[in-house]
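Colleague: Would you mind keeping the following structure in view while I ask a few things?
The values are calculated or read from the model by the stated rules, or taken from the named source; none is laboratory data. Treat the numbers as computed from the prediction; the structure is a model and nothing was measured. Every residue, glycine as well, gets a Cβ built from its backbone with ideal geometry; the counts of neighbours run over all protein chains shown.
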């Protein structure tokens, strides 16, 4: 097998265009070469293409959901009016109610920028998030070149990350989560790659990427612990030690500021009881263990030979625990939380395995097994909640409100009748609450309009022609009557 460090091999590959060099000015003198073994390069490209087609089909059969309208409404409606709102740790939970949220300025800016490019084309948003995720995976794979067996480990990491759909599916399919987590992941993957390089300039750029990631989501804060675990040489080299010191300094300062001076979002205040802690812990453990199970089922056994390897493994486990702990104690579990722990747990798994032992393992069989295990919870949950039928009423109500004639009504009533086959599929979960609808309305209209949710069969819903416009929601259908109904136009 040819080594990509060999000059003649590199020149040959470069002439064929199979290796791309990315050079960003003199401040970034780093060759970002894709270090995949020749026999796997085409397979990885095919896997990326097939998954892109998969997410394209997801994109044309899904639409924006409740949290999306909250996020879009804030970034589209309020941010351009006052750009200092970027640095506010509050959010408009309704167009008239500003309340404590999180400090995520670059997330707000990213959503605003995405809207300028994609508008409300849901498919474009999904393909953008998928492309950014793939970029993070490729950069994460490139970072293995700093270690022994880099090419082999790079292939394993890239393939296992791409087929581990359970930890990144929700982030790509859900705009509200994806625009927080995927840019954060991309920046941290780039930060890891740059930190592992010996150049001083890359150390500064690595720190800069870490700082930017904190502006997307707070969960990046413990990343310096991970860097210290995977690059023990940083404690022995003066330049690396100084760079890592800056990382830890930023981490400590950020934690003091974030915990001590920024109010906590009341909706995320943990409830410390057995169920609220055990339930998400089981989800995290089960879903993040899938790549480990796939590797073990195909013959690999983890064995640490030295105290240094044991110490590194324990430190990585501590770091992964720090990523998970803030998500415990909540009465709900968001699959969007899995992205960063999932990505870094797969990276850690490949980092810790013996490069000689992994060479003889069946990559294809392991990848297929991992893909099947990852698809099972996704398919089960999607079927259980009828997820692929959500977009019918989501799109219908969006189009109805977009085309609604202003000043013809001051109130829209909604009769909420869930389908008995899908008891968990409520109007608030699929479309949104009153506040979410108000944000959706403000995107298209200037005149305020009120919404009122009515229980199914409410007697106030008068028969015949209604004085107020009425949306009768019986999942997965939405029917419209009264003034401005599609039937009357």
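Colleague: Looking at the structure I just gave you, is residue 351 buried (at least 16 other Cβ atoms within 10 Å of the Cβ) and either assigned by TED's automatic domain parsing to the domain that holds residue 182 or over 19 Å from residue 141 (Cα atoms) (or both)?
Modeller: yes
Colleague: If you don't mind, another one. Run down 481, 485, 460 and say which single residue is modelled with pLDDT under 90, in contact with a strand residue (DSSP E or B) (Cβ under 7 Å, 6 or more places away or on another chain) and surrounded by 14 or more Cβ atoms within 10 Å (Cβ to Cβ).
Modeller: Just a single option satisfies the conditions, and that option is 481.
Colleague: Working only within the range 135-155, note down all residues that are surrounded by fewer than 17 Cβ atoms within 10 Å (Cβ to Cβ) and part of a helix (DSSP H, G or I).
Modeller: 135, 146
Colleague: Is it the case that some residue within the range 330-343 is more than 20 Å from residue 168 (Cα to Cα) and either surrounded by fewer than 19 Cβ atoms within 10 Å (Cβ to Cβ) or in the same structural domain as residue 179 (by TED's automatic domain parsing) (or both)?
Modeller: Within the range 330-343, one or more residues are more than 20 Å from residue 168 (Cα to Cα) and either surrounded by fewer than 19 Cβ atoms within 10 Å (Cβ to Cβ) or in the same structural domain as residue 179 (by TED's automatic domain parsing) (or both).
Colleague: If a residue has to be within 19 Å of residue 318 (Cα to Cα), under 24 Å from the mean Cα position of the chain (by Cα) and touching a residue at least 60 places away in the same chain (Cβ under 8 Å) to count, how many in the range 230-269 make the cut?
Modeller: Total satisfying the criteria: 1.
Colleague: Assigned to a loop (DSSP other than H, G, I, E, B), modelled with pLDDT of 90 or more and surrounded by 16 or more Cβ atoms within 10 Å (Cβ to Cβ): which single residue out of 216, 223, 283, 292 fits that description?
Modeller: Matching residue, one of 216, 223, 283, 292: 216.
Colleague: With 44, 58, 76 as the choices, which residue is over 27 Å from residue 425 (Cα atoms), in contact with a helix residue (DSSP H, G or I) (Cβ under 9 Å, 6 or more places away or on another chain), in a helix (DSSP H, G or I) and in the same structural domain as residue 326 (by TED's automatic domain parsing)?
Modeller: 44 is the lone residue from the list that is over 27 Å from residue 425 (Cα atoms), in contact with a helix residue (DSSP H, G or I) (Cβ under 9 Å, 6 or more places away or on another chain), in a helix (DSSP H, G or I) and in the same structural domain as residue 326 (by TED's automatic domain parsing).
Colleague: Then there's this: Quick check, is residue 111 assigned by TED's automatic domain parsing to the domain that holds residue 171, under 16 Å from the mean Cα position of the chain (by Cα) and either surrounded by 18 or more Cβ atoms within 10 Å (Cβ to Cβ) or free of Cβ contacts under 8 Å to residues at least 60 places away in the same chain (or both)?
Modeller: no
Colleague: Please pick out the residue among 127, 109 that is touching a helix residue (DSSP H, G or I) at 6+ places or on another chain (Cβ under 8 Å), modelled with pLDDT of 95 or more and within 14 Å of residue 216 (Cβ to Cβ).
Modeller: 109
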